[in-house]
Structures are given as C-alpha cells and as structure tokens.
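Chemist: Following this message is one structure expressed as structure tokens.
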C-alpha cells in the first residue's frame with residue numbers, strides 16, 4: 001500500500017524522529033573517518049573556473065580556456081609559426097597559494113624548454129624556483145615551495161613545433177586531501193558545453209571532437225555514424241578509421257585518392273582537387289611557420305609539382321602510396337586530414353544546412369557526403385547545384401526527400417560512382433530519414449542495416 005500521503009500518528013512520528021537522529025549521528029561519525037573525497041579533490045584543482053590568457057592562439061577552437069577545462073581531449077595551441085617564447089596564464093582573481101602544477105601535453109609533445117612564473121599584476125612575472133625543465137610529456141607533475149600570487153603562467157622558451165597543451169592543473173598540496181590506496185577518484189565532469197564522451201569518441205584524434213562540436217554542433221557518436229555512411233560507398237567498409245593512410249589511383253581521372261575523405265591530387269575529371277590543400281595543412285600541423293604544398297610533400301617524403309590547380313605526383317604509384325600508407329598513425333597527418341576536411345567540405349555543408357534552418361546530423365552528413373563525392377560548388381552536379389533544384393520547403397523532411405530524389409538522378413553519372421553504387425549511396429541517407437534516425441544517436445544498428453548492400 002502506498003502510504004506516502006498518510007498522516008503519521010504521534011507515536012509513529014516520534015519513532016521516525018529517533019530513527020532520523022540515530023542516522024544523523026552515524027553519518028557524522030563516518031565524516032570523522034579520514035577518506036578520499038572525490039568532490040573535494042575535484043575542487044582542489046585551483047585552475048578551474050578562472051580567467052585565462054595566452055601569448056597567441058591558433059584559432060577559437062584552440063583557445064586558452066581549453067587547457068583549463070578539466071578535459072584532456074581539448075587543448076590550447078599557439079598560433080601558426082609561433083614556436084618559442086609562448087605562454088599561457090591563469091588569473092585566480094585574488095592572491096592564491098599553490099605549490100604544485102600538473103601539465104599535460106597529450107596530443108603533441110613538443111615543448112623543449114619551459115618554466116613557471118608568478119605575478120601580482122599580470123604584467124611583471126617572476127620565475128618560480130625549481131620549476132624550469134626541458135620536456136613535459138603526456139603528464140608532468142611539478143612540485144615547488146608554496147607561492148602566493150594572483151597570476152600564474154607557463155612560459156615556453158622553446159618547442160620543436162607549435163606548442164599545444166591539453167591541460168594545466170594547479171594545487172595547494174596542504175589543502176588537497178590525500179587519496180587512500182583503495183579508492184579511485186571519479187574523472188572530472190565534462191563541461192556542460194561539451195557532449196559527454198562515448199565509445200565513438202575514441203575513433204577521433206584528441207582535440208578533433210571539441211573542434212567538430214564547436215563548429216558543427218555534432219558529437220563523436222554522430223560524426224562516427226556519418227563517417228560510416230560515407231566510407232561504405234568509398235571503401236566498401238564502415239571501419240573508416242583504417243583509412244587515414246589510404247592511397248590509390250583508381251584511374252578515374254582524378255589522380256591519386258588519399259585518406260579518410262578521398263582527397264585527390266587532380267586530373268581531367270577534377271580540376272579543383274583538395275589534395276594540395278591537404279599537403280599544405282600537413283606542413284602547418286607539423287609546425288611550419290609558413291606552410292606550403294611543397295613543405296607538406298617533403299614532410300611526407302614524396303615528390304610532385306603543381307601544374308595549374310593539379311598536383312602532378314612524380315613518384316611511382318608504389319612509392320607514393322607506400323609513403324602515404326606509412327602516415328596512418330601520424331598525429332599531424334590526422335590533424336591535417338580533419339582540418340582540410342572541414343575547410344573544404346564540412347564548413348560549406350553546415351552553412352548550407354544552417355541557411356535553411358536545418359541542424360540534424362542526417363542532413364549535415366548528407367550534404368557532406370554530396371560535397372565530397374560530387375564537389376561542394378561550381379557546377380550543376382555539385383552540392384550547390386543539387387540544392388538549387390531541391391525546392392524551398394522549410395520542412396526538413398520534405399526538403400531532404402526532394403534533395404535525395406534530385407541527387408539520385410545524377411549520382412551515377414560523370415564518374416561520380418559506378419552504377420548502381422551511387423543510388424545505393426543516396427539510399428543509405430534516405431532510408432535513415434524514413435526510419436526517423438535524423439539525429440544519428442543510438443543509431444548503430446540502423447547504420448549497419450542501411451550500409452548492408454553489395455558494391456559493384
């Protein structure tokens with residue numbers, strides 16, 4: 001019987017009070033037992049929720065605050081070409097005492113000389129004794145005599161490439177509870193502005209997820225499913241992460257096809273290739289202060305010349321592709337791959353969706369797939385061209401139904417795809433629309449289902 005709303009008798013109320021009093025006493029006794037308190041430890045990081053600054057910043061996606069957000073998958077990066085005499089600082093708001101810093105250089109371990117400095121006014125800094133060093137590595141704990149200051153900064157004297165830091169934590173060990181050997185603290189909660197991590201997230205380079213989230217509003221799960229749908233007709237495989245080092249000349253007059261989104265070096269069927277941009281981005285991601293296509297080719301160990309907009313590779317197919325294959329696990333290459341993918345295809349696709357008031361993962365993914373398969377803009381077969389013939393409905397399902405119908409008419413022409421692969425390619429997306437899987441969340445089974453078709 002549900003007695004929730006029944007009024008207790010005086011006897012029952014008295015008994016309840018005694019039980020409650022005993023319970024409170026027991027709880028207070030437990031509070032006297034020394035133990036590791038997860039919340040207290042999280043609060044012990046003095047760097048959280050403050051004001052941050054940096055000497056330079058690569059972009060808004062790599063701003064200073066991302067090195068203090070409690071999330072090691074995000075990071076601050078100095079601007080392109082800024083290797084030496086870079087710094088990142090924290091303003092505690094008032095004089096604060098601290099004696100330990102934990103610095104995490106997870107993504108790229110580039111710092112070769114550093115020191116910690118303190119300041120009372122944010123202008124004049126003093127070196128903190130005992131904090132100079134050479135390399136940081138994935139995680140470096142620096143202990144020193146207690147310092148009291150309003151400002152603290154990490155000063156990077158030199159780096160092998162543009163310095164980029166995932167996380168900086170600051171503690172006062174005298175006030176930070178010591179963990180017991182048997183207790184493991186919970187991880188720092190993910191900021192509310194960032195989607196919670198999922199098993200899909202591990203498929204992306206560190207930093208890429210935050211970048212994609214900030215630029216597209218889609219999380220790791222959604223982008224993983226988009227990439228599965230794209231990779232099926234490209235590679236007949238939904239395990240897209242295996243193709244960072246992909247390289248092949250499939251004799252479609254587009255030159256060599258490279259990487260997870262099929263960047264091309266160009267040919268008679270592709271006079272606006274994205275391969276040159278990829279190599280330039282690779283040079284930048286590797287630390288060049290003045291990135292060039294030639295610089296990227298050199299870093300990859302390959303050779304070629306620009307003939308107009310076409311990148312003419314002068315190496316043999318086996319040599320060139322062998323070198324590209326070897327970049328499969330290269331962090332700078334993966335970073336360059338996603339930066340190029342965004343600039344050439346994703347950005348335009350998101351803008352086109354946004355202009356029409358559409359924000360679902362399925363629509364954005366459909367536009368990205370069309371752009372990289374048929375070109376973003378410039379001709380009737382491109383994403384721009386198909387959109388122009390898809391009507392003006394503000395109802396997303398109605399518009400996308402028209403869009404898929406128009407794309408189906410041309411997707412197997414102009415060497416976009418070998419028939420009937422193109423029509424099956426579009427059907428993946430249209431089927432998910434009809435299934436109501438527009439957000440691509442908890443849609444793993446549905447994605448597997450619609451990609452289960454035979455390539456020709």
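The values are calculated or read from the model by the stated rules, or taken from the named source; none is laboratory data. None of these values were measured; they are calculated from a predicted model. Reconstructed Cβ throughout: ideal geometry from the backbone, glycine too, with neighbour counts over all protein chains shown.
Chemist: What number goes with the only condition from (1) on the phi > 0 side of the Ramachandran plot; (2) not assigned by TED's automatic domain parsing to the domain that holds residue 267 that residue 442 does not pass?
Modeler: That leaves (2) as the condition not met.
Chemist: Another question about this same structure. Which residue out of 428, 437 is closer than 30 Å to residue 268 by Cα, surrounded by 16 or more Cβ atoms within 10 Å (Cβ to Cβ) and within 27 Å of the chain's Cα centre (by Cα)?
Modeler: Answer to the check: 428.
Chemist: Here's a follow-up. Can you name the residue in the stretch 31-61 that is touching a helix residue (DSSP H, G or I) at 6+ places or on another chain (Cβ under 7 Å) and either surrounded by fewer than 18 Cβ atoms within 10 Å (Cβ to Cβ) or in a loop (DSSP other than H, G, I, E, B) (or both) and, of all such residues, is modelled with the highest pLDDT?
Modeler: Within the stretch 31-61, the match that is modelled with the highest pLDDT is 53.
Chemist: OK, next. Out of 64, 138, I need the residue that is in contact with a strand residue (DSSP E or B) (Cβ under 8 Å, 6 or more places away or on another chain), buried (at least 18 other Cβ atoms within 10 Å of the Cβ), free of Cβ contacts under 8 Å to residues at least 40 places away in the same chain and within 30 Å of residue 220 (Cα to Cα). Which one?
Modeler: The conditions single out 64.
Chemist: Same structure, new question: Could you give every pair whose Cβ atoms fall below 9 Å, whose first residue belongs to the stretch 429-456 and is without any contact (Cβ under 8 Å) to a residue 60 or more places away in the chain, and whose second residue is in a loop (DSSP other than H, G, I, E, B) and surrounded by fewer than 16 Cβ atoms within 10 Å (Cβ to Cβ), counting only separations of at least 6 or pairs across chains?
Modeler: Partner pairs satisfying both residue conditions: 454/236; 456/418; 456/419; 456/420.
Chemist: Taking the stretch 415-428 on its own, how many of its residues are in contact (Cβ under 8 Å) with a residue 60 or more places away in the chain and over 14 Å from residue 362 (Cα atoms)?
Modeler: 5
Chemist: Considering only residues of the stretch 267-305 that are over 26 Å from the mean Cα position of the chain (by Cα) and modelled with pLDDT under 95, which is surrounded by the fewest Cβ atoms within 10 Å (Cβ to Cβ)?
Modeler: Step by step, filter the stretch 267-305, then rank; the result is 268.
Chemist: Moving on. What's the total number of residues in the stretch 250-262 that are out of contact with any helix residue (DSSP H, G or I) (no Cβ under 6 Å at 6 or more places or on another chain), assigned to a loop (DSSP other than H, G, I, E, B) and closer than 12 Å to residue 324 by Cβ?
Modeler: 1
Chemist: I'd like to verify a number: residues in the stretch 148-177 that are closer than 16 Å to residue 76 by Cβ and part of a strand (DSSP E or B), how many?
Modeler: Within the stretch 148-177, residues that are closer than 16 Å to residue 76 by Cβ and part of a strand (DSSP E or B) number 12.
Chemist: Go through the stretch 289-304 and count every residue that is part of a helix (DSSP H, G or I) and free of Cβ contacts under 8 Å to residues at least 40 places away in the same chain.
Modeler: Total satisfying the criteria: 7.
Here's the yes/no breakdown for (1) closer than 18 Å to residue 245 by Cβ; (2) out of contact with any strand residue (DSSP E or B) (no Cβ under 7 Å at 6 or more places or on another chain):
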{"position": "276", "(1), (2)": "no, no"}
{"position": "289", "(1), (2)": "no, yes"}
{"position": "293", "(1), (2)": "no, no"}
{"position": "331", "(1), (2)": "yes, yes"}
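Chemist: Further question on the same structure: Quick check, is residue 145 at pLDDT below 90, farther than 20 Å from residue 72 by Cβ and more than 33 Å from the chain's Cα centre (by Cα)?
Modeler: No, not satisfied.
Chemist: Can you name the residue in the stretch 306-323 that is more than 23 Å from residue 244 (Cβ to Cβ) and in contact with a strand residue (DSSP E or B) (Cβ under 7 Å, 6 or more places away or on another chain) and is also surrounded by the most Cβ atoms within 10 Å (Cβ to Cβ) among such residues?
Modeler: Looking at the filtered set, the residue picked out is 310.
Chemist: Moving on. Restrict the check to the stretch 189-210 and report whether at least one residue is modelled with pLDDT under 50, surrounded by 12 or more Cβ atoms within 10 Å (Cβ to Cβ) and part of a loop (DSSP other than H, G, I, E, B).
Modeler: For the stretch 189-210, residues modelled with pLDDT under 50, surrounded by 12 or more Cβ atoms within 10 Å (Cβ to Cβ) and part of a loop (DSSP other than H, G, I, E, B): present.
Chemist: Considering the stretch 227-245 alone, what residues qualify as being out of contact with any helix residue (DSSP H, G or I) (no Cβ under 7 Å at 6 or more places or on another chain), in contact (Cβ under 8 Å) with a residue 12 or more places away in the chain and in a loop (DSSP other than H, G, I, E, B)?
Modeler: 236 - this is the single residue of the stretch 227-245 that is out of contact with any helix residue (DSSP H, G or I) (no Cβ under 7 Å at 6 or more places or on another chain), in contact (Cβ under 8 Å) with a residue 12 or more places away in the chain and in a loop (DSSP other than H, G, I, E, B).
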